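A short reminder: the numbers here are calculations on the coordinates, not readings from a lab. Predicted model, so just to flag it, every value in this text is computed and none were measured. In this analysis, Cβ positions are derived from the backbone assuming ideal geometry, glycine residues included, and neighbour counts consider all displayed protein chains.
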Amino acid sequence: MVAAHITRSLADAQRGSFWLDRPDRPAARPPLAGPTACDLAVVGGGYSGLWTALLAKERDPQRDVVLIEGDRIGWAASGRNGGFCAASLTHGEANGRERWPHEYARLAALGRRNLDELEEAVARHGIACDFERTGELTVATEPYQVDGLIPTDPDDPDEAFWDRERIQAEVHSPTYLAAHLDRTTALVDPARLAWGLADACERLGVRIVEHTPVTGLDRRPEGGVRLTAARGTIDARQVALGTNVFPSLVKRTRLLTVPVYDHVLVTEPLTPDQRTAIGWSDRQGIGDSANRFHYYRQTADHRILWGGYDAIYHWGGRVRDRYDHAPATAQTLAEHFFAVFPQLEGLRFSHTWGGPIDTCTRFCAFFGTALDGRVAYAAGFTGLGVGATRFGAQVMLDHLAGEETERTRTAMVRSTPIPFPPEPLAWAGISATRWSLAQADRNGGRRNLWLRTLDRLGLGFDS
């Protein structure tokens, strides 16, 4: 039976992203109004597309750039995520070291440089997105998780290990046994980052059209690429695809990602007494160490965003609006919230929502080109794209320029993940993996034969 305070906590929650539910959300831009032409067409109005358009104009102010968005700027993953802006390009150190042990140091350095440059760009363009270098805490809630939080390099000034006494003094939860602090991670207001990037693009001369789904991509006999949309065509010398979770216009890449639905709650603003009761005065982002992990952070107006745990794959890899709302998952998340912060019983949630994440089998982005290098793409960010999409935009522009750079020379950029199998194998494999990860969480982290097999094939998940 569901506890009464859980039911009450969700009773008035609005369905939809807290970040997008703002009175100052920009008005919609007009759709495409007939055929047009440009030097560079960027498909997708999330972070991937926005960074690509902005950086393209910064590299060459004379380049004519058009950004085409099927709905509204930032309406999908870029306006629904937790706002964790991490330095990692590899979905964490463990995943990066496992896959690219000989170049991990270079990838880590590239990631930190990317985050520094992102922060500088936010300041230079005056993007008011509450960018904060708060750092991120990864907490152990089971004894077997503690040793995994000890930094690989004890001399790294950006990392620290906190024992039970230290972490509980910082954030008052009875569930915490230890923590790892990564000082590099920043937090942002994700929707305002997207809106600010769009404004910066337009100030540099990028043309943005919304409500213009692109349905086709073809080579033009006379050279270049033609994009087909319901309201016209776009003829471009080059195209960058930032469509991520949505079916790629490069059809041969479609099995490289699947959409996995993540769900989020946001509370009403905490009172001063409630804030005192939980501590957390340094406002770090927090995630736990389980396979089915939670992530959480504070907002600028003292709410708590609480998400993760129940990643859901729907048969056929379909993306549907109705999947955004999962009442049973919202209830589970609320129960877990009050287990971590029992002193907040009586607090209510103001918003609940979900959305798809573009997951690939290596759990971090992949890159490539099509149509003899006229088209570039980046996808598969697997939930850690707030910062990494800027790196992906740089890679796409490097590829379109035909340039070999420090980025494009890495094995991460030059390699491709193993594709997912078609149905029904995809459903069976993902379901078996989800069940096995839950079992591992209940059994002291012990991975069963299925997970160990995936590990040996390079398909194991380590967040």
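Charged neighbours of PRO417, selected by a Cβ distance under 10 Å, balance to +2 (K, R count +1; D, E count -1). In terms of other Cβ atoms within 10 Å, ARG322, ARG22, ARG226, ARG390 run from fewest to most in the order ARG322, ARG22, ARG226, ARG390.
Sorting THR382, THR352 by the number of Cβ atoms found within 10 Å of their own Cβ, with the fewest placed first, yields THR382, THR352. Placing R0 at 51 angstrom, the Cβ-Cβ distance between ARG106 and ALA4 gives a FRET efficiency of 0.40 after rounding to 0.05. Under the criterion of Cα pairs below 8 Å and six or more residues apart, the relative contact order for the chain equals 23 percent. All C-alpha to C-alpha distances of the stretch 366-463, sorted into 10 Å bins beginning at zero, yield P(r) values of 13, 35, 28, 19, 5, 0 percent in whole numbers. Ranked for footprinting exposure by Cβ neighbours inside 10 Å, fewest first, TRP100, TRP435, TRP306 give TRP435, TRP100, TRP306.
With the convex hull constructed from alpha-carbon coordinates only, the chain shows a mean projected area of 21.6 nm² over all directions.
Per residue, the average separation of C-alpha pairs within less than 8 Å and at least 6 apart gives the stretch 218-268 a relative contact order of 19 percent. The stretch between ARG275 and SER431 holds 52.3 nm of extra length on full extension. This uses 0.36 nm per residue minus the Cα-Cα distance.
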